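K.L.:
Questions regarding the structure given below will be posed in turn.
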Amino acid sequence: MRRKLIAGNWKMNGLTADGLTLARDLAGRAAAEPPVAELVVCPPATLLMSVAEALAGSIIALGGQDCHNELAGAHTGDIAAPMLRDVGCSYVILGHSERRAEHHESDALVRAKTIVARKAGLAVILCIGETAEQRDAGQTLAVVARQLDGSLPRGLGAAELVIAYEPVWAIGTGRTPTPADVAEVHAHIRAELQRRVRDPAAVRILYGGSVKPANARALLAAGDVDGALVGGASLVAADFWAIAKAAG
């Protein structure tokens, strides 16, 4: 049985005091009431070391929000996968729609980053999802299949990979697909994984896109939904914790 995973993507939010307060709050809640789900938080790079210290000894894992597609080199302003590993990260988010749109990241680049992240020992949370225009045109299933095909190196397994389905039109908008719609896409992703990973039945598929305490339980109960990638609600300890509790 796949253990649910709740991942918090803090995005470009938080100064040191904010990150420490949030991380300490979550660590305290986890110690007092260990959740059924696995938890990971992904702060901006400037907070990774501080949050790592605040979570030391906690069951909450640490993740990065992106990495370069090379292990090291002359790449001003970028962060390498071994650097993330060095500060205590065990996960990294790759291919998020905001990276694909704002930084014009292609499937091929996401695939190269995934390869490098695995070389550094990081588990990858690989994001895929359609735009509103693609959804309205009935292209959702074709889009996620194409993104998987281009972004996912062959041969990864459940310990190395998590897929996050994030419909672009739902991220930060307050709009969400129905649980039935989510289940349909997740089932399609599961089928597409059959020829792309070693143990497709064991790979976790998260849903992301305006996940909140009010809708978390219904979304997490949908078929083939193994957790959530949470954006804005992960910045409020009580909200993130309510979502974690909804997972079990």
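The values are calculated or read from the model by the stated rules, or taken from the named source; none is laboratory data. What you see is a predicted model, and the numbers here were worked out from it, not measured in a lab. Using ideal geometry, Cβ is built from the backbone for each residue, glycine included, and neighbour counts are taken over all protein chains shown. Note: accessible area is taken over every heavy atom of the protein model, side chains too, but ligands, DNA and RNA are not part of it. Shrake-Rupley method; radii C 1.70, N 1.55, O 1.52, S 1.80 Å.
K.L.:
Keeping every protein chain present and rolling a 1.4 Å probe, give me the accessible area per residue for the range 1-111 in Å².
P.N.:
Values: 5620 Å² over 111 residues.
About 51 Å² of surface per residue is accessible.
K.L.:
Here is a further query. Between D18 and A74, 0.36 nm times their residue separation minus their Cα-Cα distance comes to what? Before the final figure, lay out the partial values.
P.N.:
Values: separation 56, 0.36 × 56 = 20.16 nm, distance 3.13 nm.
Additional length available on full extension: 17.0 nm.
K.L.:
Enumerate the residues in the range 149-184 having an amide nitrogen under 15 Å from the point lying 7 Å beyond the Cα of E133 toward its Cβ.
P.N.:
Only 168-169 pass the distance filter.
K.L.:
Would you mind pulling out the separation of the Cα centroids of the range 107-138 and the range 154-223, in Å?
P.N.:
Between the Cα centre of the range 107-138 and that of the range 154-223, the gap is 13 Å.
K.L.:
For the range 32-120, what does the alpha-carbon gyration tensor say about shape, rounded, prolate or oblate, given a ≥ b ≥ c as the root eigenvalues, a/c under 1.5 as rounded, and a/b over b/c as prolate?
P.N.:
Details: a/c = 2.15, a/b = 1.68, b/c = 1.28.
In terms of gyration-tensor shape, prolate.
K.L.:
How many nm is it between the label spots at R217 and R146, if each spot is 7 Å from the Cα in line with the beta carbon?
P.N.:
It works out to 3.9 nm between the two label points.
K.L.:
Ranked from highest to lowest mean number of other Cβ atoms within 10 Å per residue, what is the order of the peptides 172-181, 105-114?
P.N.:
Details: 172-181: 13.7, 105-114: 19.0.
Result, highest mean Cβ count within 10 Å first: 105-114, 172-181.
K.L.:
How large is the accessible surface per residue of the range 113-248, computed with a 1.4 Å probe and reported in Å² as a whole number?
P.N.:
With the other protein chains kept in place, the range 113-248 gives 36 Å² per residue.
K.L.:
In deg cm²/dmol and to the nearest 500, what is the mean residue ellipticity at 222 nm of the chain if only DSSP H runs of at least 4 residues count, each as -39500 (n - 2.57), divided by the residue total?
P.N.:
Numbers: 10 runs with 99 residues, N = 248.
Only helices count here, giving -11500 deg cm²/dmol.
K.L.:
Here is a further query. When the Kirkwood hydrodynamic radius is evaluated over all pairs of different C-alpha atoms of the range 160-248, what value in angstrom, to one decimal, is obtained?
P.N.:
Numbers: mean 1/r = 0.0759 Å⁻¹.
For the range 160-248, the Kirkwood estimate is 13.2 Å.
K.L.:
Averaging the inverse of every distinct alpha carbon separation and then flipping it gives the Kirkwood radius. What is it for the chain, in angstrom units? Don't skip to the end; give the middle numbers.
P.N.:
Working: mean 1/r = 0.0561 Å⁻¹.
After inverting the mean inverse Cα-Cα distance, the result is 17.8 Å.
K.L.:
Related question: Can you bin the range 148-187 into rounded, prolate or oblate? Criterion: square roots of the alpha carbon gyration tensor eigenvalues sorted a ≥ b ≥ c, rounded for a/c under 1.5, prolate for a/b above b/c, oblate for the rest. Kindly include the intermediate steps, with their values, before the conclusion.
P.N.:
Numbers: a/c = 2.63, a/b = 2.01, b/c = 1.31.
Cα axes put the range 148-187 in the prolate bin.
K.L.:
Okay, next question. Once fully extended, how much extra length lies between D25 and A238, figured as 0.36 nm per residue of separation less the alpha-carbon to alpha-carbon distance? Working shown, then result.
P.N.:
On the way: separation 213, 0.36 × 213 = 76.68 nm, distance 0.89 nm.
Contour length minus Cα-Cα distance gives 75.8 nm.
K.L.:
How many Lys pairs in the chain lie less than 21 angstrom apart by Cα atoms, where the lysines are 8 or more positions apart or on different chains? Could the numbers behind the result be given before it?
P.N.:
On the way: K4/K212; K4/K245; K11/K113; K11/K212; K212/K245.
For the chain, the number of qualifying lysine pairs is 5.
K.L.:
Another question, if that's okay. Listed highest first by mean packing, meaning other Cβ atoms within 10 Å per residue, what order do 150-157, 86-93 come in? Could the numbers behind the result be given before it?
P.N.:
Values: 150-157: 16.4, 86-93: 19.9.
Top of the packing list down: 86-93, 150-157.
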